Amino acid sequence: MLRIAARLVLIAGCLPVFAASAALSQEVEVDTASSESLLMDQSTLPNAIDLKGTRPKADPSVTPAAATTLPADLDALSSPDSLALPDAPSQVTIRELRPLTLAEVELLAEVNNPDLKAAASRVDQAKSNVLAQTSLWYPTVSLTANALPQYLSGEQYQNPDFVRSVINPSTGLPLTQAKTNSAQWSANFQAAVQWDLINPARVPTIAASRDNFERSSFGYLIALRELRLLASKSYFRLQRADDEVRIGQEGVRASLVSLRDADARYRAGVSTKVDVLEAQNQLALDRQQLTNGLKIQSTRRRELAQVLNLPEDVTPTAASPSRVTGIWQPSLQESIVAAYAFREELDQFILDISINNSNANTALANVQPLLRFFNTFTTGRTQGQLNRPGSIDFDDYGWNVQNTVGLNVSWNIFDGGASRANYRKNKQKAEESKFLFSKERDKVRFQVEESFFNLRASSQNIFTTTRAVKFSAETLRLTRLRFQAGVTTQREVVDAQRDLTRAEVTYAQAIEDYNTALADLRRRTGLDQVAACPAINLPATKSLQPYSDIPIEPIPIPSPCEDSVPAQS
């Protein structure tokens with residue numbers, strides 16, 4: 001009983017609240033006798049766009065900001081480089097088992113997790129895209145230098161019999177010599193300015209990029225909420241795995257005591273060999289449960305390490321035992337309305353409607369006139385001569401300057417109906433987003449209700465399993481005394497011990513389910529209205545538990561080929 005009391009006292013202060021919570025939860029039940037005339041007119045419900053606006057903006061204040069740095073005591077657990085890849089067994093050997101609390105797990109996840117970093121990067125990408133699209137309001141200036149400078153050198157030879165039939169391009173006179181030379185330095189420079197005075201695609205393109213930026217911001221908040229939920233669930237699963245290992249160890253110790261008692265009574269001649277075999281069989285089953293518990297514990301530790309993106313040589317452990325994390329205060333109806341107000345997934349679908357409408361206007365702009373202002377300035381200079389007989393005189397030079405200003409108008413009057421078809425397609429996609437909004441709204445409500453019902457059931461299960469553990473522990477104590485007095489068999493002791501183990505496992509499962517449902521509600525509603533359980537005064541010294549002085553000898557892992565049950569003929 002002492003080994004059970006230390007575990008049950010952790011939730012003793014919350015049991016009255018569990019009962020009150022179960023009573024209040026009955027309010028969610030529907031009165032089936034109500035008349036249909038009492039149903040609300042669904043056409044009177046407010047419109048989401050009227051409540052949130054056509055282009056809702058992300059509000060980081062509704063969600064606590066993610067941590068960006070680690071305190072000094074956790075700095076050694078910073079994530080490795082993103083492209084780090086160990087290539088030696090020594091680099092992935094576990095050198096430290098690091099106990100972590102739930103608060104430390106959430107902090108490490110926010111700082112180290114690569115998924116959250118990727119979500120933040122997508123926000124930065126969307127912001128850069130907004131700046132790129134906003135540039136459509138400004139003129140563009142381009143500079144071109146085809147020759148800065150350029151030197152040309154060459155010779156030309158013509159058949160002397162046909163020299164006079166060839167005209168010198170530089171002088172316009174017939175050539176008088178068969179051979180001419182060219183040598184010239186030249187430089188050309190051009191500056192061009194273009195500015196769209198009227199561009200029908202500009203406004204919808206920029207609007208779509210801004211909506212995509214807000215959508216990415218919502219995506220970051222969603223990723224942050226999901227990460228916190230994942231970190232909490234992983235921690236709760238690890239706590240339950242620790243409980244299963246503890247239960248397995250206590251079961252093995254109890255089985256060792258039963259085997260010792262059964263063997264002593266058998267040697268004294270007051271018991272049978274069957275009692276010894278029963279005890280040995282139960283010891284084997286408890287060792288199997290302990291082995292499975294250790295396997296699950298190792299898996300849950302590495303699962304948490306993956307979420308936290310810890311260094312390769314560190315494995316996290318749970319620093320605190322499993323216990324109820326608090327009491328959910330809002331009612332089911334308040335939780336549903338809060339989820340509708342705070343869930344970023346709904347805002348994303350409203351933004352999708354706006355983005356698709358902007359894309360429709362962009363498609364229609366392809367058949368609308370475009371007015372562009374341009375100014376082109378060109379200058380060049382040459383020094384030297386081309387196609388000259390004899391030597392070249394570099395004192396011969398020339399230059400030119402030209403400036404052109406004007407307006408360009410382009411209008412794709414008919415494109416076979418492609419722009420109009422793309423316009424309709426994007427309008428239809430906007431209509432599709434409305435249907436998806438409706439689907440997501442129903443999903444949001446179901447998630448809240450499911451988590452709320454799970455929380456209610458888990459609260460009742462904690463209340464029930466607590467008593468089951470107490471009753472099973474007392475039953476085992478009395479059954480063991482009866483066996484020692486010789487008024488019962490080892491089979492009854494084994495059954496009582498199995499009932500206690502089963503009750504403890506069910507209790508641990510109920511605690512995990514409750515904490516998981518509470519974390520789900522915090523994630524699904526955006527609320528953090530969780531009342532802490534009353535403080536529990538624990539004794540300053542740890543009480544000795546039964547069988548705590550019985551060591552569990554480690555068993556080497558044999559080859560599966562060595563021990564096997566022979567086939568029945």
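Yes/no per residue for (1) assigned to a strand (DSSP E or B); (2) surrounded by 14 or more Cβ atoms within 10 Å (Cβ to Cβ); (3) touching a strand residue (DSSP E or B) at 6+ places or on another chain (Cβ under 8 Å):
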{"site": "T325", "(1), (2), (3)": "no, yes, yes"}
{"site": "P330", "(1), (2), (3)": "no, yes, no"}
{"site": "I350", "(1), (2), (3)": "no, yes, no"}
{"site": "L364", "(1), (2), (3)": "no, yes, no"}
{"site": "N375", "(1), (2), (3)": "yes, yes, yes"}
{"site": "T378", "(1), (2), (3)": "yes, yes, yes"}
{"site": "R381", "(1), (2), (3)": "yes, yes, yes"}
{"site": "V401", "(1), (2), (3)": "yes, no, yes"}
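Among residues that are assigned to a helix (DSSP H, G or I), buried (at least 17 other Cβ atoms within 10 Å of the Cβ) and either without any contact (Cβ under 8 Å) to a residue 24 or more places away in the chain or not polar (S, T, N, Q) (or both), L481 is not included. If you check N375, N361 for being out of contact with any Lys or Arg (no Cβ under 8 Å at 6 or more places or on another chain), at pLDDT 90 or above and farther than 30 Å from F414 by Cβ, only one passes: N375.
In summary, S320 fulfils each of the numbered conditions (1) modelled with pLDDT under 95; (2) touching a Lys or Arg at 6+ places or on another chain (Cβ under 8 Å); (3) of a type in the set (S, T, Y) with the single exception of condition (2). Selection within segment 237-295: residues that are under 19 Å from R477 (Cβ atoms) and acidic (D, E). The member of this set that is surrounded by the most Cβ atoms within 10 Å (Cβ to Cβ) is D286. Where residues in segment 296-309 are hydrophobic (A, V, I, L, M, F, W, C) and touching a residue at least 12 places away in the same chain (Cβ under 8 Å), which of them is surrounded by the most Cβ atoms within 10 Å (Cβ to Cβ)? For segment 296-309, the residue satisfying everything is L308. Could we say that S358 is in contact (Cβ under 8 Å) with a residue 12 or more places away in the chain and part of a loop (DSSP other than H, G, I, E, B) here? It is false that S358 is in contact (Cβ under 8 Å) with a residue 12 or more places away in the chain and part of a loop (DSSP other than H, G, I, E, B).
Per the listing N366, N375, N400, N408, the residue uniquely closer than 20 Å to A207 by Cβ and not hydroxyl-bearing (S, T, Y) is N366.
One line per residue, one yes/no per condition, for (1) assigned to a helix (DSSP H, G or I); (2) at pLDDT below 90; (3) surrounded by fewer than 17 Cβ atoms within 10 Å (Cβ to Cβ):
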| site | (1), (2), (3) |
| --- | --- |
| I49 | yes, yes, yes |
| R55 | no, yes, no |
| P86 | no, no, yes |
| A103 | yes, no, yes |
| S135 | yes, no, yes |
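Check whether at least one residue in segment 456-469 is among the basic types (K, R), assigned to a helix (DSSP H, G or I) and closer than 30 Å to I350 by Cβ, and report yes or no. No: zero hits.
Against the condition surrounded by 14 or more Cβ atoms within 10 Å (Cβ to Cβ), of a type in the set (G, A, S) and modelled with pLDDT under 90, how does A339 come out, does it pass? Judged against the criteria, A339 is not a match. Looking only at residues of segment 446-504 that are aromatic (F, W, Y) and under 30 Å from Q333 (Cα atoms), we find that the one that is farthest from the chain's Cα centre (by Cα) is F463.
Of all residues in segment 163-194, those satisfying the criterion of being modelled with pLDDT of 85 or more and either touching a Lys or Arg at 6+ places or on another chain (Cβ under 7 Å) or loosely packed, with under 15 Cβ neighbours inside 10 Å (or both) are V193, Q194. For beta carbons closer than 6 Å, sequence separation of 6+ or different chains, a first residue in segment 440-457 that is farther than 21 Å from V530 by Cβ and touching a residue at least 24 places away in the same chain (Cβ under 8 Å) and a second that is in a helix (DSSP H, G or I) and charged (D, E, K, R), the qualifying pairs are E440/E345.
Residues in segment 414-445 that are under 32 Å from the mean Cα position of the chain (by Cα), more than 18 Å from L45 (Cβ to Cβ) and of a type in the set (D, E, K, R): K425, K427, K429, E431, E432.
Search segment 265-292 for residues being among the hydrophobic types (A, V, I, L, M, F, W, C) and in a loop (DSSP other than H, G, I, E, B), and hand back the single one that is nearest to V487 (Cα to Cα).
Initial filter on segment 265-292 (among the hydrophobic types (A, V, I, L, M, F, W, C)): 268, 270, 274, 276-277, 279, 283-285, 290.
When the remaining residues are screened for being in a loop (DSSP other than H, G, I, E, B), the result is 268, 270.
Values: A268: 16, V270: 11 Å.
In this case the residue turns out to be V270.
Would you call I327 within 30 Å of R246 (Cα to Cα), hydrophobic (A, V, I, L, M, F, W, C) and in the same structural domain as S234 (by TED's automatic domain parsing)? Answer is yes for this residue.
The values are calculated or read from the model by the stated rules, or taken from the named source; none is laboratory data. All values reported here derive from a predicted model rather than from experimental measurement. Heads up, the Cβs are rebuilt from the backbone with ideal geometry, glycines too, and the neighbour counts pull from every protein chain shown.
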